[in-house]
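> Have a look at the structure that comes next, please.
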Amino acid sequence: MKVNKIDHICVAVRDLEEARRVWEPVLGKSKPDDTYVDEREKIRVARYWIGEVGFELMESTSADGEVAKFIEKRGEGVMVISLNVDDTRSAMKELKAKGYPFIGAPRPFRNCEYVFIHPKKMNGVLLELIDYNWKELKR
């Protein structure tokens, strides 16, 4: 499997607006480069580009969302590290053959797919594989 780059890092936060006030001065930004709500994942996201790596602040939109559960169990902090690959399904197939456990099937996002490797295998890190092309960076 070829990893193209670290795609993005996600920080789980209780309050997105408060987290923005904390992080934006450090990131040298006055606002996110991209914002979105993912209803399926029950998250509201503020994404910042640091070079070609996304840095995301994620707030749960529901008490039963995975971000809310993560914060309840571990507190706020880094929740996901995402690796950019050419093809999510091919990468998943290759790693499954090597015994890596996945959480569910590939999921859609914009014009791509992503999947999570179970953190029990990855030293407690929820690792995401995503095959997005990030046309936003090619301005």
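FYI, it's all coordinate maths here, none of it is from the lab. A quick note: this is a predicted structure, and the numbers were derived from the prediction, not measured. Cβ: placed from backbone, ideal geometry, glycine included. Neighbour counts: every protein chain shown.
> Per 0.36 nm of contour for each residue apart, how much would the distance between D34 and R74 grow if the chain were fully extended, relative to their Cα-Cα spacing?
Full extension from D34 to R74 adds 11.8 nm.
> Can you give the helix-only mean residue ellipticity at 222 nm for the chain, where every DSSP H stretch with n ≥ 4 adds -39500 (n - 2.57) and the sum goes over all residues, rounded to the nearest 500 deg cm²/dmol?
Mean residue ellipticity, 222 nm, calculated: -6500 deg cm²/dmol.
> Given the options L16, Y48, C112, identify the residue whose Cα lies farthest towards the positive end of the charge dipole of the chain (+1 on Cβ of Lys, Arg; -1 on Cβ of Asp, Glu).
C112
> In terms of modelled amide H atoms, which long-range or inter-chain residues lie less than 5 Å from the amide H of V85?
Sorted by chain and number, the residues that satisfy this are N4, I130, D131, Y132.
> Give me the percent of DSSP beta bridges within the chain that run antiparallel, rounded to the nearest 5.
The answer is about 75 percent antiparallel.
> How large is the dipole of segment 22-139 about the Cα centre if only Lys and Arg carry +1 and Asp and Glu carry -1, each at its Cβ, rounded to the nearest 20 debye?
280
> Once you list every other residue whose beta carbon is under 14 Å from the beta carbon of R107, what net charge do they have if Lys and Arg are +1 and Asp and Glu are -1?
-3
> Right, another one. Sequence-distant or interchain residues sharing an amide H contact under 5 Å with D33, placed H: which?
Amide H neighbours of D33: R47, Y48, W49.
> Moving to a separate point now. ³J(HN,Hα) across segment 34-40 via Karplus (A = 6.51, B = -1.76, C = 1.60, θ = phi - 60°), whole Hz, x for Gly/Pro?
7, 10, 6, 10, 10, 4, 4
> What are the ³J(HN,Hα) values, in whole Hz, obtained from phi via the Karplus relation 6.51 cos²θ - 1.76 cosθ + 1.60 with θ = phi - 60°, for each residue of segment 104-117 in sequence order, with x given for Gly and Pro?
These are the phi-based 3J(HN,Hα) values: x, 9, x, 10, x, 8, 6, 9, 8, 9, 9, 8, 10, 8 Hz.
> Would you work out the charge dipole size for segment 21-60 about its Cα centre, treating the Cβ of every Lys and Arg as +1 and the Cβ of every Asp and Glu as -1, and quote it to the nearest 20 debye?
Once rounded to the nearest 20, the dipole reads 160 debye.
> Please list, in order along segment 65-81, the HN-Hα scalar couplings obtained from phi with the Karplus expression 6.51 cos²θ - 1.76 cosθ + 1.60 (θ = phi - 60°), rounded to whole Hz, x for Gly and Pro.
Coupling constants for segment 65-81: x, 5, 5, 4, 5, 4, 5, 4, 7, 10, x, 5, x, 4, 10, 9, 10 Hz.
> Give me the lysines in straight-line cross-link reach of K69: C-alpha distance below 30 Å, same-chain residues under 8 apart excluded.
K5, K29, K31, K42, K93, K96, K98, K120, K121
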